[in-house]
1. Answer with yes or no whether Val323 is more than 30 Å from Ala185 (Cα to Cα) and at pLDDT below 95.
2. From the list Ile492, Ile436, which residue is under 20 Å from the mean Cα position of the chain (by Cα) and either open to solvent by less than 50 Å² (accessible area, probe 1.4 Å) or modelled with pLDDT of 95 or more (or both)?
3. Among the listed residues Val118, Val87, identify the single one that is in contact with a Pro (Cβ under 7 Å, 6 or more places away or on another chain), in a helix (DSSP H, G or I) and closer than 30 Å to Leu393 by Cα.
4. Applying the selection to the stretch 299-315, what residues are crowded, with 19+ Cβ neighbours inside 10 Å and out of contact with any Cys (no Cβ under 8 Å at 6 or more places or on another chain)?
5. Suppose the filter is of a type in the set (Phe, Trp, Tyr) and either closer than 30 Å to Ala149 by Cβ or touching a strand residue (DSSP E or B) at 6+ places or on another chain (Cβ under 7 Å) (or both); does Tyr187 pass it?
6. Checking the structure you have, find out if any residue of the stretch 451-458 is open to solvent by less than 20 Å² (accessible area, probe 1.4 Å) and more than 20 Å from Lys406 (Cα to Cα).
7. Does any residue in the stretch 443-465 that is free of Cβ contacts under 8 Å to residues at least 24 places away in the same chain come within less than 7 Å, Cβ to Cβ, of a residue that is in a helix (DSSP H, G or I) six or more places away or on a different chain, and which pairs are these?
8. In this structure, does Pro628 turn out to be touching a residue at least 60 places away in the same chain (Cβ under 8 Å), within 30 Å of Thr455 (Cβ to Cβ) and open to solvent by 10 Å² or more (accessible area, probe 1.4 Å)?
Amino acid sequence: MLAAYSNTWLAGFALDNRPLILEDPRLRAATAGNLDLILNHTYWWPYAETGLYRPFTTLSFLFNYAVLGDGAHPAGYHAINLLLHAVNVLLAYALVLRLFSGRWTALAAAGLWAVHPVLTESVTNIVGRSDLLAGAAILGGLRLHIRGAAAAGFAKFAWLACLATVTTLGLFSKESAVAVVGVLAVYEFFQPKRPTLGRLLPSTAAVLLPVMAMWCVRSQVLASAPPAVLPFTDNPLVAGGFWQSKLTALSILGRYIWLTVWPAHLSADYSYAQVPPAHGSTADWAAWLTVAMTLALAAFLYRRAGRPRVAAFFLLFAFVNLVPVANLLFPIGTIMAERFLYLSSLGICVCVVMLVDSLCSSRVAAAVLVVAIAAAGARTYARNADWRDDLSLASADVEVAPGSYKTHLRLATALNEADTQNLDRAIGEVEKSLSIVDGLPDVRNTPTVYLSAGTWYLAQGERLRKAETVTPSAQSSYEKAAHVLQRGLAVIHALRAAGAHPAFREEADAEHMLSAAWLHLGETQPALESALAARRLNPLDPQAHWQIFTVLMSQNRTYEAGTALMMGGLITGDSSLRGALIRLYQMGLDTIGCAVVRGSVLNPACGIVAGQICAATAGLERLEHETPSPEAAEGLRALLATSVCRDNRGQ
C-alpha cells in the first residue's frame, strides 16, 4: 500500500478540495464560533446550503487546517487519509480472517483491496475522507457487533456503546454510513445458526439510535436552508420515468462491477450525458445480466456451507453498501461516482481472491494474486498522478468521460487558470461542453457552462479588439458572448421559476457580462438595462455601479453617470467610485467649481453635490424594494436611515 500511494503527497487541492477546504472560512481557526457554524450549516456552506450534512468530516478538516497547522499544504491531509485507509485495511483483514479462517486469503484480499485503483477518489482525493470515515464506521461497527454479540453483562453494554459511538461518527461523516444497519443484518443472516432476536435486537438498537439522532439534527439544520435541488445535469435520473430510472440504476450497478474487476479507465465525473438512460442497448443488457448473475451466484453460494457461503456474504456486503448511493431507492446528487465503490469493492476483491484460490493450486494462485496486486498498485500509482492539480485531473478525465459536459468545462477552466494563453483551447473545450447541454430545455439545463463561455468569449473579444485595427473577429466573439449569456440567464430564470435557487450573485455576474457584450456591440440601451439588472441583483458589488457609469457615459448622460457613481459610493463605500466622481466634477460636470474642496473632499453644500446625493438617495429607496437579496435590502435600509437628504426632506 505504501508503494502504491507513495506519490499521493504530490496531489494538491484539485476538484472539490478548493471550496471545501481552502475556501471554507470555518476552517481558519479552532474557535467556538467556527464550531457553531460547522454544526449548524451544511457541508457546502457558505457556497450553498445543500442536502449534505457532514459536520464530523468538516471538523476533521478543521483539525488539519487550524490545529495541526497544515493550512494550504496538502501533505498533512494526505497523511490523515492514508492513516484512515490503513485502519480500514486492517479492519478488512480482521473481518476476512475471521470468516475464512485463512491468513493467506485474508492477506491477499486485504492487500488487493488496499491498492485497488478505484479507491483513489476516496484516498488520494482529500475530501474523499468522508468515504474513509464512513467506511471505518461500517467495518468497525461490524467488528464491534461481533464482539458484543459474544459478550454478556457489562462487557456487552460496553461493546454496544462503542458500536453506537462509531455509528454516530460515521453518520455525521457521510450519510451512506447508514448501510451499517444492512451490513449487520446480512452478517447475522449468513451465520450458520439462524439469527435470534437476542443477537439482533441489541445491536440494531445501538445503530438505530444514532440514525434517528442524525435524522433529527440533519432535519433541523436543513429546515433553515432552502430545499435541496438535484440538478438534472448532475443526475438525469431525477427527471426520468420510474422504470427507466430504475433500469438505468441497475445498469450502472453492472458498470460498477466491471469497473471493480477492470479499473483501467477511471474518471472523477460522469455527469450528463456520459451515462445514457437505459434503452435496451447491448451495453444495458450486458450490465443487467451482470447484476442478475451476481445475485444468482450469491443465492447459489448461500445454499452451500463453508467458504462458498462466506463468499455469498461478501457479494451481498458489496450490494448493501451500494444501495444508499445507487439511485435505486431515491435519486441522489450524482448518477455515478467511483467513490461509491470504496467499501463495495472490498466484497468483490474477496470474491476474486476466493475464485482464484479455488481454481488454481496454491502456488499458481499465489503467483496470480501477487501479479494482480502489483498491477493494481501500479495503476493506483499512475492514477494518483492525475490528482496533482485540476489541469492534470481534467485532462485525464476528459479522455475517459468525453460525453460528460462537466469534464470539458473543468478542463476549460483549468486550462484558462493555468495560463491565459490557453484561452483558445479553453474556448474549444467549453464549446464541446455547450454542444452537450445546448439541446436541453432551460429548466433541466445548467447556467454555469453558459456563464463560463460568456466570460471567455468576452476575453477573446478584448484580445482581438486590441490586436486588430478592424475588428470583425472581435465582434463575432462579442456576439457569441451575448448569445450564450442570454441563454444562461434564460436557464437561471427557468430554474428559479421551477423552485430552484440559483444564486443572485451568479445572475448579477451574467447581467454584468451581458451589459459589457452589448456595449462592445454598440447596443447601449440593452447594455444599460443589463447593467441596471446587475445592480438590482447585487447592489453591494462596486463593478455593477462602474458598469452603469460606463454605459451612461457612452450615451453622453454625464449628470446621470455622476449620480450612478454617487449611488455606488454610498452603497459600497468604494473609494475608486468616489475618486471617479471627483474627476468627473473636475472635468466639467461642476460648472461652478464648488463640488470639491481641499483637493479631494466632496462639498455637500454645493448644489450639484447636494442634488446628486438626493437623487442617489431616491435611487437607493427604489433599489431597496427592487433587490431580491434580503441581505442587500437590509443594508440599504440601514443606509437610508442615516441619509442626510432624507433627514432634510423630513424636516
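The values are calculated or read from the model by the stated rules, or taken from the named source; none is laboratory data. None of the values given here were measured: they were computed from a predicted structure. Cβ: placed from backbone, ideal geometry, glycine included. Neighbour counts: every protein chain shown. With ligands, DNA and RNA removed, areas are computed over all heavy atoms of the protein, side chains included. Shrake-Rupley method; radii C 1.70, N 1.55, O 1.52, S 1.80 Å.
1. Answer is no for this residue.
2. It is Ile492.
3. From the options Val118, Val87, the qualifying one is Val118.
4. Leu301, Val310, Ala312, Phe313, listed by residue number.
5. yes
6. Scanning the stretch 451-458 turns up no residue that is open to solvent by less than 20 Å² (accessible area, probe 1.4 Å) and more than 20 Å from Lys406 (Cα to Cα).
7. Leu464/Ser473; Leu464/Ala474; Leu464/Ser477
8. So Pro628 passes the test.
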